Structures are given as C-alpha cells and as structure tokens.
Amino acid sequence: MQHTEFASDNTAGICPEAMEALLAANSGHMASYGNDDWTRRACDAIRATFETDCEVFFVFNGTAANSLALASLCQSYHSIVCHKLAHVETDECGGPEFFSNGTKLLLAGGADGKLDMRGVEKLISARSDIHYPKPRAVTITQSTEVGTVYSLEEVRALGEGCREHDLAFHMDGARFANAVASLGVSPADITWRAGVDVLSFGGTKMGMPVGEAVVFFDHDMAKDFAYRCKQAGQLASKMRFLSAPWVGMLAENAWLTRAAHANAMARRLGNALARLPGIAPLFPVQSNAVFVSMPQHAADALKEKGWAFYSFIGAGGARFVCSWATQPEQVDALVADVKACLA
Ligand SMILES: Cc1ncc(COP(=O)(O)O)c(C=O)c1O
C-alpha cells in the first residue's frame, strides 16, 4: 500500500468548510465568468481579510498565479530576483519567463530558503549597463520551499529595499496560510503594510479542491490583468466553483485554524524525528513541512514500506508535508516506520 499522506499537502482531500461552500454554490443557474454572487462574496472576504480594497482574481493553480502576476509586473527586458530554491525557478517549467515573454530570473542564495536585501542588492547592483536585464521585481515564497517562514521584520526589510530600488514586490503564498498561522500576525501586516504589491494566495494547499487567488494591493498593477488571465486559459467560466471555497475557508478564520493544525502536526513529526539517532533536521520546522536527512538505506527502506516523500534536498534528505487532514496517528505511524528503517 502507498502512504501518500506526507508526500505533499496537495495529496489531502477537500476541507469540510470548502466542501460545504462548494455544495452550497451548486444550486441553480448563475452568471458566468465571475459575475456571480459567490465570486463577489469571495472577493469581499479577501478584502476583509486584508483590511483593504485590493483587486482579486481567481486562477486554477499556483504556477498560473505566480507566472501571470510576475508577468504583469515586467516587460520582456526586465529581471526578477528570487531565491535559487524558489518554486518559480525550479518548478514552474519556465512559466514566469514564458508569460512575460522572456523576463529573466536572477537567482540569489540565502540561509533557510530566504532572500535578504543583501543578496538582492548584490544582484541588482552587479551591472547597470544596457546589456543586463533591468531588475524590476523581487519575489519571495511565504512560507518557503523548505518550510521556514519570513518574520515580519524580514518582509518589511525586503519591502523597504524594494521601494528604495523601485522594484515591485511579489509574494508566492502557496502556503501563506501556514505562514500567517505560524507567525500569528495579521495578513495585512505581513503583506501590503510590509510593502508587498502582489500576493499569490494559495487555496489548494490549505484545503480547497483547486484554485488560488491573485491579490493586487496596488490597483494600477492590476490593470488589464483580467485579459492576461483570459488569454492564459485561466478565466473559469463556472467561476463560482473556484470562488465559493474561499467564502467557506475565510469565514470564521477556518483557513487559519486548519493551517495551525497542519503546522502542529509538522511540529509533532519534526520533534519526534529529531529524537531518533541518525536523523538530522535540515531546516527549522516553522510551518507545515519537515526536512530531515537520514541514512540512504533508511530512506530507501522507508520507500520500500510504501511511504511516498520527496527527496530532492541532498542525498538521504527527505521532505514530509502535513495538511489540514493529517492525523496524529499518521504522524506516529510514520515515526515508528522511520525508527524501524533506521535499525
Ligand atoms: C512554493 C510553491 N509555489 C507554488 C506552488 C503551486 O504550484 P501548482 O501550479 O502545482 O499549483 C507550489 C506547489 O507545490 C509551491 O510549493
């Protein structure tokens, strides 16, 4: 039997709050292409969550949210600074470059999967001649690809730096819920009040069937974005089924309660694994993902037992991700099997 519980947070099903809203939306005929009540309610719920009159667009997945958001900020001769582990660089099949007609990603390092202004400045000041793609934007992932979280101060420092250098600031929030739940900050403080211009707000990983929201805090930047979505095949005709789950998840902060649960499951897993001889944590567990190194024979044996997990970070490295649906018993079963495999 294959255990896919920890392979990613997108192996989980639909969260009850999202499902209930989806079922409620499945009633009667409604206007299409976003001109319906559910979409209006979802946009309003996002505006209330961020305490500002932002522009909201619903797309099918994170690659589209990131690629189209970044493309809207750049011309083809521009460049975008991101971390070398950023999803936009490693896992979007060149989507940001494609949709922006050639904008180049400039890769920076940075501890724990995080960019800092020093790394950004090094890249953007490397050249100022006409032969180098003009730096135009910075994108960070919150929470990061290695399960860490940018603090409020870290986001603010990047926001200030971006303003100083006239760079647009994008946040890939595929796991924004986990970051907000982990930090205990307000969504407004960690985004627009810290200088973020555009957020790819992840719905799928927090428990929706499908869909992400692109949230523009700067109205000018959202100009014509609807056309971009349409052209890219990202304008849902039955939009209510993309938008309704947002109404369910944002009501009574279900999104944060569910994300806090996923984070707690990751902490339980991280703490238990760290106690096993032969296991070394690779990154601090600050959201819903746990990265550890283990002897290659143990990683192989764990896969033999049917546990699915990614091992793209170093030899013997393993990534385990928890979701709204992860149960403590599943965590304990995984830990028991890791222990057996180490023996
Ligand atoms: C950091 C990050 N950004 C964006 C995405 C969204 O990707 P997708 O296009 O698969 O929805 C993911 C999914 O793994 C992710 O981990």
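The values are calculated or read from the model by the stated rules, or taken from the named source; none is laboratory data. Remember, it's a predicted structure, so these values are computed and weren't measured experimentally. Here the Cβ is made from the backbone with ideal geometry for all residues, glycine too, and neighbour counts use every protein chain on show.
In table form, for the structure just shown:
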quantity: Region 17-35 - residue that is part of a helix (DSSP H, G or I) and surrounded by 15 or more Cβ atoms within 10 Å (Cβ to Cβ) and, of those, farthest from the chain's Cα centre (by Cα); calculated: 25
quantity: Which numbered condition residue 76 fails, given (1) farther than 24 Å from residue 169 by Cβ; (2) more than 16 Å from the ligand (Cβ to nearest atom); (3) touching a Gly at 6+ places or on another chain (Cβ under 6 Å); calculated: (1)
quantity: Qualifying position, being part of a helix (DSSP H, G or I) and closer than 18 Å to residue 7 by Cβ, among 254, 266, 272, 259; calculated: 266
quantity: Verdict on residue 327 being more than 19 Å from the chain's Cα centre (by Cα) and modelled with pLDDT of 95 or more; calculated: yes
quantity: Odd one out for residue 313, checked against (1) closer than 18 Å to residue 9 by Cα; (2) surrounded by fewer than 24 Cβ atoms within 10 Å (Cβ to Cβ); (3) at pLDDT 95 or above; calculated: (3)
quantity: Region 330-343, residues that are assigned to a loop (DSSP other than H, G, I, E, B) and either at pLDDT 95 or above or closer than 17 Å to residue 264 by Cα (or both); calculated: none
quantity: Residue in region 48-59 that is within 30 Å of residue 123 (Cα to Cα), surrounded by 23 or more Cβ atoms within 10 Å (Cβ to Cβ) and within 16 Å of the ligand (Cβ to nearest atom) present; calculated: no
quantity: Residue satisfying condition, being in a helix (DSSP H, G or I), touching a helix residue (DSSP H, G or I) at 6+ places or on another chain (Cβ under 7 Å) and crowded, with 24+ Cβ neighbours inside 10 Å, within set 70, 115; calculated: 70
quantity: Neighbours by Cβ (under 7 Å, 6+ apart or cross-chain): first from region 265-285, on the phi > 0 side of the Ramachandran plot; second buried (at least 16 other Cβ atoms within 10 Å of the Cβ); calculated: 278/294; 278/298; 278/342
quantity: Answer from 202, 233, 248 - the residue that is within 16 Å of the ligand (Cβ to nearest atom), within 24 Å of residue 11 (Cα to Cα) and in the same structural domain as residue 61 (by TED's automatic domain parsing); calculated: 202
quantity: Failed item in (1) in a loop (DSSP other than H, G, I, E, B); (2) of a type in the set (S, T, N, Q); (3) surrounded by 23 or more Cβ atoms within 10 Å (Cβ to Cβ), with residue 186 passing the rest; calculated: (3)
quantity: Matching residues, region 138-154, being closer than 15 Å to residue 108 by Cβ and away from the ligand (no atom under 16 Å from the Cβ); calculated: 154
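Yes/no matrix, rows are residues, columns are (1) within 30 Å of residue 210 (Cβ to Cβ); (2) within 18 Å of the chain's Cα centre (by Cα); (3) surrounded by 15 or more Cβ atoms within 10 Å (Cβ to Cβ):
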| residue | (1), (2), (3) |
| --- | --- |
| 245 | yes, yes, yes |
| 267 | yes, no, yes |
| 272 | no, no, yes |
| 300 | no, no, no |
| 306 | yes, no, no |
| 319 | yes, yes, yes |
| 335 | no, no, yes |
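Results for (1) in contact (Cβ under 8 Å) with a residue 12 or more places away in the chain; (2) within 27 Å of residue 123 (Cα to Cα); (3) of a type outside the set (S, T, N, Q), shown as yes or no for each residue.
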| site | (1), (2), (3) |
| --- | --- |
| 169 | yes, yes, yes |
| 177 | yes, no, yes |
| 208 | yes, no, yes |
| 229 | yes, no, yes |
| 237 | yes, no, no |
| 240 | yes, no, yes |
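This table checks each residue for (1) under 18 Å from residue 68 (Cα atoms); (2) not small (Gly, Ala, Ser).
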| site | (1), (2) |
| --- | --- |
| 187 | no, yes |
| 227 | yes, yes |
| 231 | yes, yes |
| 234 | yes, yes |
| 251 | no, no |
| 256 | no, yes |
